[in-house]
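The values are calculated or read from the model by the stated rules, or taken from the named source; none is laboratory data. It should be emphasised that the depicted structure is a prediction, and the values quoted were computed from it without experimental measurement. So basically every Cβ, Gly included, is an ideal-geometry build from the backbone, and we count neighbours across all protein chains shown.
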Amino acid sequence: MMTEFNTLAELMAQAAERKLPPYELVIRREMETRAVSRAAVWSAMQKNWRVMQAAMAKGLRSEERSLSGLTGGDAKRIFSRRQQGFLGEAALTAAARAVAVSEVNAAMGRIVACPTAGSCGIVPAVLQTAAEQRGSHEDEIVAALFMAAGIGMVVEQNACIAGAAGGCQAECGTAAGMAAGALVQLAGGAPPVICEGVALAMKNLLGLACDPVAGLVEVPCVKRNGFVAVHAMVAADMALAGVCSVIPVDEVIGAMQEIGRLMPAALRETAAGGLAVTPTAQAAARRIFGKSSCS
Ligand code: SF4
């Protein structure tokens, strides 16, 4: 029996029918698609996790600025405040880690696009932080990453994961859903609770514009990764507390696709609207490229 699922409802129903955890179906689909062994699929994800960990560590140490000079060094600053902040230590640590990975990306370092380079910090940051809180084994983290991958696959199949197609709701919004679902799984939440976490996380980022300054994946992207990591943690905690989304997750994904379709091109990674056309952003674009970013 080939493993196929187009929606999260289908994934969860198949998992129940086959008496398997949903992430196992994601692994099986990958094995069937690529005609490789389970060990090969697992090991590839394990390698991804190690790249993510290296990026978090590097970004937290670094004060390096990006080539444009727009970003760099903020992860270290946020991390230094983790014990004095308004938020608890875990939330600020996750925010710092998400910014760290995003700063590594902005400085042309090695990251895992998860689901995209612009949103690369969110999933690793929440998983590393939650795993430390819970003392999770690496295998549990890798399994949670497969759950995140399955959520991303469903969004990609039914909507989009690129800012150019659907605005930042498609990039950071999808990453938030992937991160929330992965966290719920790590905490032992049942498949319907995973779906609630994804729905709550994605629903509350619907409509988010993609308006990067100078067309670079730096402003607002880098700090947004930090904010969205905390957002995903809140969504996971809400779901685990029994909070439900009135709109089911697959309908939220459908709404995201519809909003992306209605969104003007100026707010879809063209740097022709929003923050990108503010006087400060235009001046930055002239300094970096010698011209306006939207000319
Ligand atoms: S603002 Fe645009 S470029 Fe930046 S992370 Fe969001 S979708 Fe990606």
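Worth a mention:
- Between Leu11, Leu67, the distinction of being surrounded by 15 or more Cβ atoms within 10 Å (Cβ to Cβ) and in contact (Cβ under 8 Å) with a residue 24 or more places away in the chain belongs to Leu11 only.
- Residue count for the stretch 158-189, restricted to those that are within 16 Å of the ligand (Cβ to nearest atom) and assigned to a helix (DSSP H, G or I): 16
- Residue in the stretch 125-133 that is of a type in the set (S, T, N, Q), in contact (Cβ under 8 Å) with a residue 60 or more places away in the chain and within 16 Å of the ligand (Cβ to nearest atom) present: no
- Residue check for Glu258: acidic (Asp, Glu) and within 16 Å of the ligand (Cβ to nearest atom): no
- A residue that is away from the ligand (no atom under 16 Å from the Cβ), touching an Asp or Glu at 6+ places or on another chain (Cβ under 7 Å) and over 27 Å from Gly152 (Cα atoms) occurs nowhere in the stretch 38-53.
- Subset of the stretch 206-219 (residues that are over 13 Å from Ser68 (Cα atoms) and more than 6 Å from the ligand (Cβ to nearest atom)): Leu206, Gly207, Leu208, Ala209, Asp211
- Looking across Ser119, Ser102, one residue alone is in a helix (DSSP H, G or I), in contact (Cβ under 8 Å) with a residue 12 or more places away in the chain and within 16 Å of the ligand (Cβ to nearest atom). It is Ser102.
- Candidate set: the stretch 14-27, residues that are in a helix (DSSP H, G or I) and surrounded by fewer than 19 Cβ atoms within 10 Å (Cβ to Cβ); chosen: the one farthest from the chain's Cα centre (by Cα): Glu17
- Figure legend. Inter-residue proximity from the stretch 206-230: first residues in contact (Cβ under 8 Å) with a residue 12 or more places away in the chain and farther than 21 Å from Thr280 by Cα, second residues part of a loop (DSSP other than H, G, I, E, B) and more than 7 Å from the ligand (Cβ to nearest atom), beta-carbon distance below 8 Å, spacing 6+ or different chains. Indicated pairs: Gly207/Met263; Asn225/Cys120; Asn225/Gly121; Gly226/Gly121; Val228/Leu205; Ala229/Gly121; Val230/Leu87.
- Hey, Val155 at pLDDT 95 or above, closer than 30 Å to Gly273 by Cβ and not in a loop (DSSP other than H, G, I, E, B) or not: yes
- Condition broken by Ala113, with the remaining ones in (1) under 11 Å from the mean Cα position of the chain (by Cα); (2) at positive phi satisfied: (2)
- Subset of the stretch 123-145 (residues that are in a helix (DSSP H, G or I) and of a type in the set (S, T, N, Q)): Gln128, Thr129, Gln133
- Set Val228, Val198, Val193, Val213: member being surrounded by fewer than 24 Cβ atoms within 10 Å (Cβ to Cβ) and touching a helix residue (DSSP H, G or I) at 6+ places or on another chain (Cβ under 9 Å): Val193
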